[in-house]
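Here the structure comes first, spelled out in structure tokens, and everything after it is commentary.
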Amino acid sequence: MAINSKEFKSIGLANIKQHKKDKLKFLFDFRVNGKRYRKVVTLQERPNWSLREYKKELVSMLNQYREDILSGYKLNETLSVDDVFELYVKNNPVSENWDNKRRRIYNLYLKNEIGRKKIGKVKEIDLLQILTALKDKGLKSTTRKRVLDVIKPVFKFAHRNKIIKENPAENINVKVKDTKKMVTNAGEKLKKVYTGIMEVFADDPFYRALFLFALTGRRKSEILNLKWEHIDFENNYYWIADTKPNENQRYDLPPIIKLALLELGPKASGYVFESPVKKGKPINKIDRQVDKLKEHIKMPEFHMHYCRNILTSALLEKGVSTSILSGVLGHKNATTINKYVSINYHASTQKANQEMLEIIEPK
């Protein structure tokens, strides 16, 4: 609603006027660097206060508002959560897979709730109510944490860039129940899965390499999105697409996988596990092969992610340190296992692959 300055009268303060009818409503009207700013504020009624005390509070509020403008906060006060989310995603790309995923999560769980709201108006309670509503709908803590993981960096980004003065998501956390279970007889199961892979896919290097990658700790998405240009056969290592190519973020390429890839026939570029139907796209359906392997090894609990559980448990049985395991599993930071440990992915996977080979192919 437009501000009608005629409704306000002077009270002897520069840049501050009082509403003629509502004695608790005031108008700030001032300039900063030649630009005019106007804002209507309503004070809380305090029966014991005199006009002098109200004036003192008004001057303090005006000075704070002017300081906010000089600091840059008020320049972006019209931005909505949708606006800042788009700014954040555009300026903080991770990988095509994660960028698409976080956009889906935002659109599904957050956009309709706070998307059109001015980001400076979002309070901690608003975010807590969203998470509580998701819990009431029966969504698991892992899903609720994923929602928080999508929106929390957006508010951090807004705060860092002085779009908002306070970060309403800063103190919000979602505790995820630890559902990971140690696999019993992990060494035997690791060897059983490896033998099954080598038998079932003896004449199929495509799926042999795919499942061997899983057995060495790689996630399904990491495997399917792996490209030939991310593999260095000469130096025996490979990159994961959404990590930055530096010394600490490359993974060891063990001989068993290297042989399968060489048999498959290396290319200069493109997806290693390309879809036979959609050229230039990675394969996305491997359920039949998973079921085929599961039936062969007589392990009904087997699935792709189970390989990570088996590997972790088997390496723990051999006394491999948790810092190495963190690198093997590709955790983005060491806090997952030990927040004081720095991860070297290449060295960790080299050590782990040596230990794994001793389990599956003992000398």
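The values are calculated or read from the model by the stated rules, or taken from the named source; none is laboratory data. As the structure is a computational prediction, the values presented were derived from the model and not from experiment. Here Cβ is always computed from backbone atoms with ideal geometry, including for glycine, and neighbour counts include all displayed protein chains.
Observations, loosely collected:
- Within the stretch 279-291, the presence of at least one residue that is assigned to a helix (DSSP H, G or I) and touching a helix residue (DSSP H, G or I) at 6+ places or on another chain (Cβ under 8 Å) is confirmed.
- Residues of the stretch 46-59 satisfying the condition of being under 14 Å from Leu27 (Cα atoms) and not charged (D, E, K, R): Tyr54, Leu58, Val59
- For the residues Ala268, Ala260, the requirement of being modelled with pLDDT of 95 or more and not β-branched (Val, Ile, Thr) singles out Ala260.
- Residues within the stretch 231-248 that are among the polar types (S, T, N, Q), surrounded by fewer than 18 Cβ atoms within 10 Å (Cβ to Cβ) and at pLDDT below 90, tallied: 2
- Every test in (1) more than 17 Å from the chain's Cα centre (by Cα); (2) surrounded by 14 or more Cβ atoms within 10 Å (Cβ to Cβ); (3) within 30 Å of Val176 (Cβ to Cβ); (4) modelled with pLDDT under 95 is passed by Asp136 save one, and that test is (2).
- Test: residue in the stretch 6-15 that is in contact (Cβ under 8 Å) with a residue 24 or more places away in the chain, of a type in the set (D, E, K, R) and either surrounded by fewer than 16 Cβ atoms within 10 Å (Cβ to Cβ) or in a loop (DSSP other than H, G, I, E, B) (or both): no
- Among the residues of the stretch 292-312, the ones that are touching a helix residue (DSSP H, G or I) at 6+ places or on another chain (Cβ under 7 Å), within 20 Å of Met356 (Cα to Cα), assigned to a helix (DSSP H, G or I) and not β-branched (Val, Ile, Thr) come to 3 in all.
- Residues within the stretch 313-342 that are modelled with pLDDT of 55 or more, under 23 Å from the mean Cα position of the chain (by Cα) and of a type in the set (S, T, N, Q), tallied: 3
- All helices (runs of 4 or more DSSP H) inside the stretch 18-127 with 2 or more residues being exposed (fewer than 11 other Cβ atoms within 10 Å of the Cβ) and modelled with pLDDT under 90: 51-71, 81-91
- A single entry from Val193, Val174, Val150 fulfils the requirement of being in a helix (DSSP H, G or I), in contact (Cβ under 8 Å) with a residue 12 or more places away in the chain and within 27 Å of Ile114 (Cβ to Cβ): Val150.
- Each residue in the stretch 217-230 was checked for being out of contact with any Gly (no Cβ under 9 Å at 6 or more places or on another chain), modelled with pLDDT of 90 or more and surrounded by fewer than 21 Cβ atoms within 10 Å (Cβ to Cβ), and 3 pass.
- Taking the stretch 106-136 as the range and being among the aliphatic types (A, V, I, L, M) and within 24 Å of Glu166 (Cβ to Cβ) as the test, the residues that pass are Leu110, Ile114, Ile119, Val122, Ile125, Leu127, Leu128, Ile130, Leu131, Ala133, Leu134.
- Filter result for the condition that a residue is within 17 Å of Arg218 (Cβ to Cβ) and at pLDDT 80 or above, over Tyr306, Tyr345: Tyr306
- Applying the condition of being out of contact with any Leu (no Cβ under 7 Å at 6 or more places or on another chain) and part of a loop (DSSP other than H, G, I, E, B) to the stretch 153-171 and asking which residue is surrounded by the most Cβ atoms within 10 Å (Cβ to Cβ) yields Ile164.
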